[in-house]
1. Taking +1 at the Cβ of each Lys and Arg and -1 at the Cβ of each Asp and Glu, which of A:260, A:50, A:324 sits farthest along the dipole of chain A towards its positive end, judged by Cα position relative to the Cα centre?
2. Taking the mean number of other Cβ atoms within 10 Å as a proxy for protection, how do you rank B:250-260, A:184-194 from highest to lowest?
3. Bin width 5 Å, origin at 0, all Cα-Cα pairs of chain B: what percent of pairs per bin?
4. Taking the Cα centre as origin and putting +1 on Lys and Arg beta-carbons and -1 on Asp and Glu beta-carbons, what dipole magnitude results for chain A, to the nearest 20 debye?
5. Mind checking the angle between helix B:2-28 and chain B's longest principal axis? C-alpha axes, 0 to 90 degrees, to the nearest 10.
6. What does the structure give for B:115-123 when I average, per residue, the other chain Cβ atoms found within 10 Å of the residue Cβ?
7. Given 0.36 nm per residue, what is the gain on full extension from residue A:72 to residue A:46 after removing their alpha carbon distance, in nm?
8. Sequence gap of 8 or more, or different chains, plus Cα separation below 28 Å: how many lysine pairs satisfy both in chain B?
Amino acid sequence: MRKLLIFSVLTTFSAISLAQSSGDYEAPRTEYGQPDLQGVWNFSSNTPMQRPTQYGNQEFLTEEQIQAAIARQEAAAAAADAAAAQRVINPDAPDESGNPGGYNDFWIESRGIGDTVRSSHIVYPLNGRLPPAVEGAPRAYGGLGPDVPGTRPVRYVVGGISKDGPEDRGLSERCIVGFNSGPPFLPSLYNNNVQIFQSKDTAVIMTEMIHDARIVPLGDKADIDDDIRLWSGDSKGYFEGDTLVVVTKNFNGMRQTFSSTGANYDMVLTEKFSRVAYDTVNYEFTIDDPATFTDKITAIVPMTKVAGQIYEYACHEGNYGMVNILRGERMEEMRASEGAR
Amino acid sequence: MKTKFKKIISTSLLMSLAGLFSIQAIAQSGEISRTPSGKPDLSGIWQAMTTAHYDIEPHAASYGPYPREMGAISAVPASLGLVEGGKIPYNEQALRVRDTNRADAHNLDPLTKCYMPGVPRANYMPFPFQIVQSSEVILISYEYAESNRILYVDQPDLESQVDAWMGHSNAHWEGDTLVVRVSGQMENTWFDRAGNHHSYQMVVEERWTPIGADHINYEATITDPNTFTAPWKVSFPLYRHIDEDMQLLEFKCAEFSEEFLYGEFRKEGSPIGNPQQ
């Protein structure tokens, strides 16, 4: 299904590009006359966040490069399918890598169902690469491998610095923020879905991951006290032509600014939602955090309309993983202690 | 006798006038806001004004769970309750479960673990919630645990596909009343801190009726043949937050429940919480 969608999107790419560039697409209106951005949108993508250096300042791939990318993706998908089929046919066969595996491929959304024509999501700096980090800005890397010793707070989403207590694990493992829900929300392994709601004076950006509904008052809104710091920040928005602009600040500094770097306490995030076709909303975000990066960062992630509903992602309610991680570690320590005696 | 009759008549008249006055007072409290299509616009930030979240049945004030550590701060305030008729009509077995829950309520209440509260409990908790109304969907976003519900308006074929903590909500308008059928709720949610509970079979029919610019009359009829001998009903008013700068803030309580949930597996000497930023 997804392959069909990609094919269909790519074959209509030229027409969509024409529509975008000539600006002849007019978004439908809500009953209040606003551009209608509502619905469920999917932001899966296999476009790299940073641009491979060989493309220089080239923002879009050529037709030839697109075809080459599709061929690579199809080959990778076929290899993954073949490996999955082998596991079904012969489930007892030892895995050569020794890795028992994790998520079944069925759940993984590592391929975009929309625009795959960009060479990178980052469009500013113009080379599509991250600007240099400010000297002294914190950096920390999590991941699915072994723990990386470090200090609290753990600002990244997956992995951990130890298994001493829940605070030593990544924020997604604690079900405090989703690993893709941001803000800004970023294409990731799965659940790359967001639903937008609009009323007369309010928009809501709700990611499926950890049911995070960010309420955006439209129009004038007083800033909240600087001492009120929030995981998802404090947002307000307005329409600039047909584009919904959302400005968010008052982050709590307990998350990274972007790409394993920084603490987002001073970050100002500006997001723009533009409906460029019936089935496409361009999600553009700009990160401005002078304490972390020497320049701002702007990225564009196209989102594709999904004819379906999002589901309740009850992460915390089903977080058996945290119990098992901590209890397992205590058991290991106990066994080691008994073995040493 | 004649004088007494006159007195009754004048008292009745006075009462009628008083009743009329209170209806007029409601009408005078402001016109119902409407969408361009003429439906009542329920958008805004709302909250119930009740202490019934401790126990939705009528109850007197009582000791809280930590009288030694917290004194009167942990005491349970009295409440007239929300249940029409006063008592929830449990069947015999379900009543025993309620009593077991109640005996250890502060440990067993799903809210101690920061689990989503379910419906109708989310609507009378001591936290505000925001309604964002569009024509085909209505979002209700609760400050508590960032719980939220999407109400699908006039889409009766969109059924619950998998049980959820906040259930699945199908809505339609009956005049100025928004009627919501909530099905597919997890059996794990409670009605209050007093152990009142239900099963997976529960269906809640909510009726949201605006009675002025800043008030909604909320009613919910609860049907669950596994647990109750008859349907029963709660009703209470909801009040709009009229402060100009009112907004929902975060209450991501997963963090605050970690020690309760995982503390026994913490390494000895590992501090609780993060350094202040």
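Taken together, the values in this text are just the output of simple stated rules run on the coordinates, not laboratory data. Remember, predicted model here, so these are calculated numbers, not experimental data. Neighbour counts run over all protein chains shown; Cβ positions are idealised from the backbone, glycine included.
1. A:324
2. Values: B:250-260: 17.8, A:184-194: 21.5.
My ranking of the peptides, most packed first, is A:184-194, B:250-260.
3. 1, 5, 10, 14, 16, 15, 12, 9, 7, 5, 3, 2, 1, 0, 0, 0, 0, 0
4. Details: 30 positive and 45 negative charges, 74 e Å.
Here chain A has a charge dipole of around 360 debye.
5. 60 degrees
6. Numbers: counts 4, 5, 0, 0, 0, 0, 0, 0, 0.
Average neighbour count from other chains, rounded to a whole number: 1.
7. 8.2 nm
8. Numbers: B:39/B:233; B:87/B:113; B:87/B:233; B:113/B:233; B:113/B:252; B:113/B:267; B:252/B:267.
Taking chain B as the scope, the lysine pair count is 7.
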